[in-house]
Amino acid sequence: MISDKRLRPGLKGSLTARIWIVASVCAFQYWLLTASMEAVHAGNLKIAIPAFVTCLLCFVFNLGLILTGEKKLP
Amino acid sequence: MSDSREPRWQEDFPCKTELEEYITRRDFLRFLLVVSGGLVFGNLFVMFKSFEPQNIGALRLDLGPAQDMMPGSSKVFHYPTEKDPALLIRRANGDFIAFHQKCPHLQCPITYHPEAGESLRCHCHNGVFDLKSGRGIEGPPREFRPLREVVLERGERVWAVGLSG
């Protein structure tokens, strides 16, 4: 077993929290993709643009969360 | 300096399996970011797909002589493009009707069943459609738009002349 002793316990906790948040947002994005694909197949074409914008915002949120986290790391 | 407990060969091949399989939280987060970006591209693809023209205008397609089809039978044709399979149905009472063949739920092909009151069925998820309106009456298709009807013209021959709606 390898332990990452370079990280302070608080920093380790915040990294783990980030992983959970980003993973949850990814799961939401995945659901959004399947739902919008199903809607487009069903002829509800208006849903595609809001779904894309929401997905893009989720990505920007994830990116921001990761970049701010990286700055705090040694 | 090498560890005295390590076998001699590891000095020449200093490979640590434990380290090879070790993924840091940072690496895992970056991997999740790549997944997130991939999902954005997936949604972008769906958005472009939704911009594709749905109706390419009036196009007349000869579907053959009316008398060639027996009442209670069906045949597949493609309208308005080769990518759009449709089902021409001659009902038990002799009327012709045609629908796009893709189920609006997940695009499985639908089939015509002349027995037991005539119906259109999707076998992927046991969907049933009303033959007059193309609306889903059983299974997942109830939640979606009706099947798209192909407008027909009938004389001695049957022609597909457009799409309804």
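The values are calculated or read from the model by the stated rules, or taken from the named source; none is laboratory data. A quick note: this is a predicted structure, and the numbers were derived from the prediction, not measured. Quick reminder, even Gly has a Cβ in these numbers, built from the backbone with ideal geometry, and neighbours come from all protein chains shown.
What number of residues within the range B:88-106 satisfy the criterion of being farther than 17 Å from residue B:150 by Cα and crowded, with 16+ Cβ neighbours inside 10 Å?
Residues flagged as farther than 17 Å from residue B:150 by Cα and crowded, with 16+ Cβ neighbours inside 10 Å within the range B:88-106 amount to 2.
Could you figure out which of (1) surrounded by 14 or more Cβ atoms within 10 Å (Cβ to Cβ); (2) modelled with pLDDT under 85; (3) basic (Lys, Arg) isn't true of residue B:60?
Condition not satisfied by residue B:60: (1).
Hey, could you check the range A:38-54 for residues that are out of contact with any Phe, Trp or Tyr (no Cβ under 9 Å at 6 or more places or on another chain) and facing chain B (nearest Cβ under 7 Å) and say which is nearest to residue B:104 (Cα to Cα)?
So the residue we want is A:40.
Consider residue B:153 against the criteria (1) farther than 19 Å from residue B:77 by Cβ; (2) assigned to a strand (DSSP E or B); (3) acidic (Asp, Glu): it satisfies all of them except one. Which criterion is unmet?
(1)
Take the conditions modelled with pLDDT of 80 or more and closer than 30 Å to residue A:55 by Cβ and apply them to residue B:100. Does it pass? Talk me through it step by step, then tell me what you get.
Working: modelled with pLDDT of 80 or more: yes; closer than 30 Å to residue A:55 by Cβ: yes.
Here the answer is yes, as residue B:100 does meet what is asked.
Counting only residues that are free of Cβ contacts under 8 Å to residues at least 40 places away in the same chain, within 23 Å of residue A:46 (Cα to Cα) and part of a loop (DSSP other than H, G, I, E, B), how many does the range B:124-144 have?
First pass over the range B:124-144, keeping only residues free of Cβ contacts under 8 Å to residues at least 40 places away in the same chain: B:124-130, B:132-143.
From what's left, within 23 Å of residue A:46 (Cα to Cα): B:134-136, B:140-143.
Those still in the list that are part of a loop (DSSP other than H, G, I, E, B) too: B:134-135.
The qualifying residues number 2.
Going by what's in this entry, would residue B:81 be described as hydroxyl-bearing (Ser, Thr, Tyr) and part of a loop (DSSP other than H, G, I, E, B)? Even if it seems obvious, please write down each step before you answer.
Details: hydroxyl-bearing (Ser, Thr, Tyr): yes; part of a loop (DSSP other than H, G, I, E, B): yes.
The answer is yes for residue B:81.
Name the residues in the range B:39-53 that are more than 7 Å from chain A (Cβ to nearest Cβ) and either among the small types (Gly, Ala, Ser) or under 15 Å from residue A:59 (Cβ atoms) (or both), would you?
At the first step, the residues of the range B:39-53 found to be more than 7 Å from chain A (Cβ to nearest Cβ) are B:41, B:45, B:48, B:51-53.
Result: B:41, B:45.
Residue B:147 fails exactly one of the following numbered conditions: (1) away from chain A (no Cβ under 13 Å); (2) surrounded by 15 or more Cβ atoms within 10 Å (Cβ to Cβ); (3) assigned to a loop (DSSP other than H, G, I, E, B). What is the number of that condition?
Of (1) away from chain A (no Cβ under 13 Å); (2) surrounded by 15 or more Cβ atoms within 10 Å (Cβ to Cβ); (3) assigned to a loop (DSSP other than H, G, I, E, B), only one is false for residue B:147: (1).
Evaluate the following for residue B:72: is it at positive phi, at pLDDT 85 or above and more than 8 Å from every other protein chain (Cβ to nearest Cβ)? Let's see the steps before the verdict.
Values: at positive phi: yes; at pLDDT 85 or above: yes; more than 8 Å from every other protein chain (Cβ to nearest Cβ): yes.
It is true that residue B:72 is at positive phi, at pLDDT 85 or above and more than 8 Å from every other protein chain (Cβ to nearest Cβ).
Limited to the range A:32-52, what total is found for residues that are more than 24 Å from residue B:29 (Cβ to Cβ) and either part of a helix (DSSP H, G or I) or touching a Leu at 6+ places or on another chain (Cβ under 6 Å) (or both)?
Step one: list which residues in the range A:32-52 are more than 24 Å from residue B:29 (Cβ to Cβ), which gives A:35-51.
The next check asks that each one be either part of a helix (DSSP H, G or I) or touching a Leu at 6+ places or on another chain (Cβ under 6 Å) (or both); those that pass are A:35-41, A:45-51.
Counting residues in the range A:32-52 that are more than 24 Å from residue B:29 (Cβ to Cβ) and either part of a helix (DSSP H, G or I) or touching a Leu at 6+ places or on another chain (Cβ under 6 Å) (or both) gives 14.
Those residues that are closer than 12 Å to residue B:42 by Cα and under 12 Å from the mean Cα position of the chain (by Cα), I need them from the range A:32-74; list them, please.
A:55, A:56
Output the number of the condition that residue B:22 fails; it satisfies all remaining conditions of (1) in contact with a Phe, Trp or Tyr (Cβ under 9 Å, 6 or more places away or on another chain); (2) at pLDDT below 85.
Looking at each condition in turn, residue B:22 falls short on (1).
On the given criteria, is residue B:77 aromatic (Phe, Trp, Tyr), surrounded by 14 or more Cβ atoms within 10 Å (Cβ to Cβ) and farther than 30 Å from residue A:35 by Cα?
Details: aromatic (Phe, Trp, Tyr): yes; surrounded by 14 or more Cβ atoms within 10 Å (Cβ to Cβ): yes; farther than 30 Å from residue A:35 by Cα: no.
In short, no.
Could you tell me whether residue B:110 is in a strand (DSSP E or B) and buried (at least 17 other Cβ atoms within 10 Å of the Cβ)?
Details: in a strand (DSSP E or B): yes; buried (at least 17 other Cβ atoms within 10 Å of the Cβ): yes.
So residue B:110 fits the description; yes.
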